[in-house]
Amino acid sequence: MYDLDTTSHPRGDGVRDLTLTDRWNTPLGKPNGGYILAAMLRGLGEEIKGSDPLVAAITYLASPETGPAELRTSALRRGRRVQTGEAALWEGDRHIAQLVASFAGRDGGRTHELGTPPQLPAPDDCVDPRGQGLPDDGIFDRVDYRLAARPGWADGAPNGDPTVELWQRLAGGREIDLPALALLCDSYAPPVMELGELASMTVQLTVHLHRRPEPGWIATRLTTRHVVNGFHEEDCELWDEAGNLVAQSRQLAILL
């Protein structure tokens, strides 16, 4: 479903047709922001014929609905190493989201990694949270999750620590490409729920895409450290099973 649901079709002059489906809806009944980002990033990359996506920054301007949408793209700069473009998502006369993204080849270069991946039990030894606090439809039926333990908020007892570590993969084991990594940065319940908050909605999300992951599950670390005037940040790290950092993100979200 991922390939079908993130496909857009060129109309000409940088405009593409896209259908947002309810198969990636959140419990709020709206298409998930990570799903929207993946679809926009994939369409923009195809339109400007960029290399691999490197960084993507999206601002959500209006609440999306399922149904037909229009992606309006343009190239901003075609540098020797980095190509940059932008895309606007419209539903009728409603401007839903605005994306700026850069693309670049991965031809090696210096690498220094000072971080460490989450220390999780093997996925087969973890808990499947669907039906244990998480819904089993919408995006939660499109992504597989495994947690070391059942979250406190699922039992009505938030643990006070807005940090979550878990495994993720696309349902059915579909290979995870770079736009799918962007989706997985915003696919799970927000860790701020461990503070007793019921829900939040992303305002702005920036994703750094470091490398294509090795096949398998993605170890994920989500953290929130600051809640200010009804807004909070959420940081995400994604690591493949080989211990490589494959993506990271920061978003600003509003409490509902």
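FYI, it's all coordinate maths here, none of it is from the lab. Remember, predicted model here, so these are calculated numbers, not experimental data. Reconstructed Cβ throughout: ideal geometry from the backbone, glycine too, with neighbour counts over all protein chains shown.
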Taking the alpha-carbon centroid of each part, what is the distance from the range 194-231 to the range 56-115 in angstrom?
18
Can you tell me which of TRP24, TRP217, TRP90 moves the most in a GNM of the chain? Springs connect C-alpha atoms under 10 Å apart.
TRP90
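Listed highest first by mean packing, meaning other Cβ atoms within 10 Å per residue, what order do 218-231, 150-163 come in? All intermediate terms of the calculation are to be shown ahead of the outcome.
Details: 218-231: 16.3, 150-163: 14.3.
Descending mean neighbour count gives 218-231, 150-163.
What does the charge count near ASP136 come to, summing +1 for each Lys or Arg and -1 for each Asp or Glu among other residues with Cβ under 10 Å from its Cβ?
Numbers: positive: ARG130; negative: ASP128, ASP137, ASP141.
After counting each charged neighbour, the total is -2.
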What whole-number value in cubic angstrom gives the convex hull volume per residue for the C-alpha atoms of the chain?
127
Using only Cα atoms, find the angle between the long axis of helix 33-48 and the longest principal axis of the chain, and express it within 0 to 90 degrees, rounded to the nearest 10.
30
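If you add up the charges near THR6, with Lys and Arg at +1 and Asp and Glu at -1, over every other residue whose beta carbon is less than 15 angstrom from its beta carbon, what do you get? Please report the intermediate quantities before stating the final value.
Values: positive: ARG16, ARG23, ARG42, ARG142, ARG174; negative: ASP3, ASP5, ASP17, ASP22, GLU46, GLU47, GLU175, ASP177, ASP186.
Computed value for this residue: -4.
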